[in-house]
Amino acid sequence: MKTATLSELKKELNELPQKQLLELCLTLAKYKKDNKEFLDYLLFEAHDKNNFISNVKTQIDEHFNELKTQQNLYFVKKSLRKLLRIITKYCKYIADKALAAELHIYFCKKFKASGIPYQKSQLLINMHNQQLKKINTLITTLHPDLQNDYLRDLEDLFVKSNSIK
């Protein structure tokens, strides 16, 4: 089965009555949890991205507070991967590279401050380095004024990671 292109879908959606369009949206929301979450973001939170970012940061804080009690590095790795998947999903929702960089920088700062002995695990070291690369990639696409602000935060992360080693 061949999937229609985005322009074909747009033309077809323009021809549908509002009631049928509403039913299609609700069906999409029922079909997959991600669709429902994205629709929730678009309807209720997209107008105030700063509040959304602060809520995500609160969620990151709560996640790291739960990690403080965990002693097993295996479960710490799994939990951090889960948190990174959540952050990546939210970054797709906001579709703003500056805010995505801010979230990833915040994650790295919390990761450093958490006291997790990540030097004992090559996987955690690689995870941290991958986040630094992702932040750097996001920063290079921003306006030069914003780049300077975020580059300072990124340099702080590098300085802290080099002083810990």
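Every read-out reported here was derived from the displayed coordinates using simple, explicitly stated rules and does not represent laboratory data. Just so it is clear, the model here is predicted, and its values are computed rather than measured. So basically every Cβ, Gly included, is an ideal-geometry build from the backbone, and we count neighbours across all protein chains shown.
Listed values, structure above:
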| item | result |
| --- | --- |
| Principal-axis tilt of helix 144-164 within the chain, Cα atoms, nearest 10 degrees | 40 |
| Protection-proxy order for peptides 139-147, 65-73, 97-105, each taking the mean of Cβ atoms within 10 Å per residue, highest first | 97-105, 139-147, 65-73 |
| Cα-based helix-to-principal-axis angle, 97-113 vs the chain, degrees rounded to 10 | 30 |
| Average projection area in nm² (convex hull over Cα atoms of segment 49-164, one quarter of hull surface) | 6.8 |
| Length-normalised contact order of the chain in % [C-alpha pairs under 8 Å, at least 6 apart] | 18 |
| Per-residue [θ]222 nm for the chain (sum of -39500 (n - 2.57) over DSSP H runs n ≥ 4, rounded to 500) | -26000 deg cm²/dmol |
| Cα-based reach from LYS32 at 23 Å (exclusive), listing lysines while leaving out same-chain residues under 8 positions away | LYS2, LYS10, LYS19, LYS82, LYS89, LYS92 |
